[in-house]
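Here the structure is laid out as structure tokens; the discussion comes afterwards.
The values are calculated or read from the model by the stated rules, or taken from the named source; none is laboratory data. Because the structure is predicted, anything quoted here is derived from the model rather than measured. FYI the Cβ positions are ideal-geometry reconstructions off the backbone, even for glycines, and counts take in every protein chain you see.
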Amino acid sequence: MARVVVVHGIAKQYLGPRSMQATLAPALVDGVLLSGSAPLSTEDVGVAFYGDWFRTPGHKGTPMPATADVDDPVERELLFRWWEAAAKDEPHRVPAPTLTGTKAPTPITVQRALDALSRSRFFAGVGDRFLVGVLKQVRRYLAEPETRAFVLKRLEAAITEDTRVLVGHSLGSVIAYEALCAHPDWPIRAFVTLGSPLGIRNIVFDRLTPAPVGGRGTRPGRECRWTNISDRHDVVALVKELDPLFGDVVDLPVDNGWQAHELARHLTATETGSAIAAGLAG
């Protein structure tokens with residue numbers, strides 16, 4: 001049974017649990033090894049896979065998401081928050097947003113945001129339709145009860161009495177957080193979040209279950225050590241420090257090179273390996 005369970009992030013709908021485990025388990029094992037900790041087997045690593053929920057059934061003539069489809073307030077606000085972060089991180093490459101006032105973004109300004117993001121190193125090579133699809137996956141998890149229920153059920157099925165470490169990447173960190181809050185009885189000793197958007201107010205933080213109280217989020221697990229790791233160039237992890245919002249969180253920076261958000265690079269980092277090893281050692 002898996003001693004470490006990884007919850008993946010967005011845009012994995014064309015993969016599967018075995019294919020993801022085959023890629024992520026060696027990277028995680030490498031991170032533990034490079035941290036100087038006791039060796040870990042790939043068989044000790046499991047993946048809570050839910051990507052298939054977002055795979056659109058094949059229908060003749062079904063259109064891909066387009067710019068005009070970004071019509072939900074959550075999707076648009078998240079898009080513009082990414083634009084602001086990318087412009088701040090790379091002012092020489094990405095033009096700053098010029099949207100002012102309270103008027104909602106139009107398809108034209110949405111396209112401007114997508115065009116601006118395409119100039120950043122972070123979103124290099126990412127097409128508009130793919131990015132629109134990503135926005136919709138985030139919104140669907142946060143807004144659709146049936147989506148949330150399906151995804152959380154997949155994670156619950158992956159946890160066993162042997163699981164000691166829960167790792168969540170990107171949207172997976174939100175999923176892992178909510179599941180851990182709902183199951184204080186789980187034998188989790190270490191919670192590791194990678195490239196997490198948990199701290200984004202209005203879009204993610206204020207939509208969590210359980211809901212924050214007085215501007216503070218629930219701290220999951222009494223005996224659980226929470227380590228939050230992010231690259232300073234990661235646009236998805238807009239809020240790099242979660243300790244002020246949740247309390248008792250160890251926030252650590254990591255250098256993932258030009259792929260700041262990529263999961264495998266997070267997993268091979270010694271910072272991640274040390275946090276996982278500490279959970280396994282108790």
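Could you go through region 74-97 and let me know if any residue there is at pLDDT below 85 and in a helix (DSSP H, G or I). Looking through region 74-97, none of the residues is at pLDDT below 85 and in a helix (DSSP H, G or I). Pairs are defined by a Cβ separation below 7 Å, a sequence spacing of at least 6 or placement on different chains, a first member in region 197-213 that is in the same structural domain as His8 (by TED's automatic domain parsing) and on the phi < 0 side of the Ramachandran plot, and a second member that is surrounded by fewer than 20 Cβ atoms within 10 Å (Cβ to Cβ) and among the polar types (S, T, N, Q); the pairs so defined are Pro210/Thr218.
When we screen Ala264, Ala269 for residues that are in contact (Cβ under 8 Å) with a residue 40 or more places away in the chain, small (Gly, Ala, Ser) and either in contact with a Pro (Cβ under 9 Å, 6 or more places away or on another chain) or surrounded by fewer than 19 Cβ atoms within 10 Å (Cβ to Cβ) (or both), the only hit is Ala264. The residues of region 214-255 that are hydroxyl-bearing (Ser, Thr, Tyr) and within 11 Å of Thr193 (Cβ to Cβ), listed by number, are Thr227, Ser230. Take the residues of region 4-29 that are surrounded by fewer than 19 Cβ atoms within 10 Å (Cβ to Cβ) and in contact (Cβ under 8 Å) with a residue 40 or more places away in the chain: which is nearest to Leu267 (Cα to Cα)? Ranking the qualifying residues of region 4-29, first place goes to Thr23.
Evaluated against (1) in a loop (DSSP other than H, G, I, E, B); (2) modelled with pLDDT of 95 or more, Met1 falls short on exactly one condition, (2).
Criterion applied to Arg222, Arg164, Arg154 was being out of contact with any Phe, Trp or Tyr (no Cβ under 6 Å at 6 or more places or on another chain), crowded, with 18+ Cβ neighbours inside 10 Å, within 28 Å of Thr268 (Cα to Cα) and not assigned by TED's automatic domain parsing to the domain that holds Val94, and the one residue passing it is Arg164.
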